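As C-alpha cells, the structure follows; a few thoughts come after it.
The values are calculated or read from the model by the stated rules, or taken from the named source; none is laboratory data. None of the values given here were measured: they were computed from a predicted structure. Here the Cβ positions follow ideal geometry from the backbone for every residue, glycine too, while neighbour counts run over all protein chains shown.
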Amino acid sequence: MTNTDSILDELASEGALPAAGHSLRFVTPLLVALVVCTGIAAAVLDGAFADWESTGPGPISVKWGFSLALVLMAPIALWTLGRPGRKSTWTVAILSIPFLLVLGLLALDLSMNAASFPGETWQQCLTAMAILSPLAFGGAIIAMRALAPTNLKRAGLVAGLFGGGVAMTAYAPFCPERGMLYMAVFYCLPILTMAGLGWLAGPKLLRW
Amino acid sequence: MGRTDDHKPASSGALDRLMAASREGDRKAYRQFLAEASRRIRSMLARKVGADSELEDVLQECLIALHTKRHTLDPGRPVGPWMYAIANYKLIDHWRKRGRSPLVLDDDADMDVAADNFAEMDVEGLLDELPEAQAEAIRLTHIEGLTNREASERIGIGHSAMKLRVHRGMLRLKEIVDEKDQ
C-alpha cells in the first residue's frame, strides 16, 4: 500500500459529513469586527448624531448608505470567494457600484455648490479610519480562514473593502462634515487604500 | 510515469453521485470518491509537475485539502470545478513554497535520477532514443562529467538552455526506462 493509499483510508475513515459550525466560524468574526469597531468609536468619541436637528437624516443616510452597502455586500463576495470553483467576478465587480454612485453624486455636488473643504475634523476622521479599518480587516481575514479562498489577492481586496466599510459605519455618526468631496477624499480613498493593502497582503494572510 | 491518463474516465456525474452518497454517511462511497478524485488529480498534475515524488507530495496535499475543506462544496453543486480549483490552488502554492519555476532545473536532482534509474543499463542505447540535442547535453554532463556551464560553453548555447535540455532529456530517459520496466 502506498502512502497516498493510506492517506485515502485515513481520510475516508473520518467520513464526508462536514463538521458543523463553519458558517458560524465565518459570520462571527465579521460581526465581532463590526461590534468592536462601533464600540470603540462610541467609547472614544462624543457627539453622535450631533447635527441631526440642523441637517436632518440626509448626510448620515448617504454615509451609511454607502458604508452599509459595503458591509453587507463584501461578506457575500467573501463567501463566494471562499468556495473554490465558484465564479466571483461579478460578485466582486458589484462592489464598485457604491463607489460609482459616490462619483456621480460628487460630480453633481461639485456642479451645484462648493461645500467647505476639507472641514475641521478631517484629521480625526482619517485617524479613525486608520485605526478601525485594519481591525475590521483582521476580522474578515479570520472569517476567511473558515473557508477555502483560491484567489487570495481578490479575497484580500474584498476583506479590505469590508474593513474600510466597517470603519466608516462606526465613525460616520460622529462625523459633522458634509459634502461629497469630503466623503470621496476622507472615506472612499482610505477604504480603497485598505482594499489595496488587502490585495497585497492577501496571499500572505490567507494561505491555507 | 503516469503522465497519460490511460484509465477509462468515470462519467462526469460519477464524482457528484459518490459525494452525494458520501454525505449521506456512506463511508465506502467516500473512499471511492477520494480514490477517483486522486486518479483525476494525479492525471492533471502529471501534465504540470516534473518528478514523481513531487507529484505524490502535491497529490497528497490536494487530497487532504479536499477533505478538510469539504464543507466549502455546496450540496447539489458539481464536484469537478470545486475539486480542480483546490488542486490548482495547491499546485500553485506548492510552486510558491518551493520558490522555483514549475520546471525542476536542478543539476543534483537530475544526477540522482541517473544514479537511481540508469545503473546497469545500456546508456548509449537509451541516448539514441532521445533527440540529438538532449542526448548530446546528457553525454556532456553525465558521461564526460562537465558542468552545465562548461557544457553550454562548449556547444555555444546559454546556461539555462543547457539546463533545460539536460532536464528534459533526463525526464524522457526516465520515461523510457519506466516503459521498458513495465
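Values computed for the structure shown
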| quantity | calculated |
| --- | --- |
| Residues satisfying the stated conditions in region A:39-59, i.e. part of a helix (DSSP H, G or I) and either closer than 19 Å to A:Leu132 by Cβ or of a type in the set (Ser, Thr, Tyr) (or both) | A:Gly39, A:Ile40, A:Ala41, A:Ala42, A:Ala43, A:Val44, A:Ser54, A:Thr55 |
| Which listed residue is free of Cβ contacts under 8 Å to residues at least 12 places away in the same chain and either in contact with a Ser or Thr (Cβ under 9 Å, 6 or more places away or on another chain) or closer than 20 Å to A:Glu177 by Cα (or both), from A:Gly56, A:Gly47, A:Gly119 | A:Gly56 |
| Restricting region A:60-101 to residues that are buried (at least 19 other Cβ atoms within 10 Å of the Cβ) and not in a helix (DSSP H, G or I), the residue that is farthest from the other protein chains (Cβ to nearest Cβ) | A:Ser88 |
| Residue within region A:178-187 that is closer than 22 Å to A:Ala77 by Cβ and basic (Lys, Arg) present | no |
| Residues being among the hydrophobic types (A, V, I, L, M, F, W, C) and either at the interface with chain A (Cβ under 9 Å from one of its Cβ atoms) or without any contact (Cβ under 8 Å) to a residue 40 or more places away in the chain (or both) - total across region B:38-67 | 7 |
| Some residue of region A:24-41 being within 14 Å of chain B (Cβ to nearest Cβ) and over 18 Å from the mean Cα position of the chain (by Cα) | yes |
| Count - residues of region B:127-150 that are basic (Lys, Arg) and closer than 15 Å to B:Ala161 by Cα | 1 |
| Condition check for B:Ala114: surrounded by 16 or more Cβ atoms within 10 Å (Cβ to Cβ), at pLDDT 85 or above and assigned to a helix (DSSP H, G or I) | no |
| Residue within region A:182-205 that is touching a helix residue (DSSP H, G or I) at 6+ places or on another chain (Cβ under 6 Å), touching a residue at least 40 places away in the same chain (Cβ under 8 Å) and assigned to a loop (DSSP other than H, G, I, E, B) present | no |
| Residue in region B:43-54 that is in the same structural domain as B:Ala87 (by TED's automatic domain parsing), β-branched (Val, Ile, Thr), buried (at least 18 other Cβ atoms within 10 Å of the Cβ) and modelled with pLDDT of 90 or more present | no |
| Test result for A:Gly165, out of contact with any Gly (no Cβ under 6 Å at 6 or more places or on another chain), in a helix (DSSP H, G or I) and either among the basic types (Lys, Arg) or buried (at least 23 other Cβ atoms within 10 Å of the Cβ) (or both) | yes |
| Selection from region A:114-162 of residues that are part of a loop (DSSP other than H, G, I, E, B) and hydrophobic (A, V, I, L, M, F, W, C) | A:Ala114, A:Ala115, A:Phe117, A:Ala146, A:Leu147, A:Ala148 |
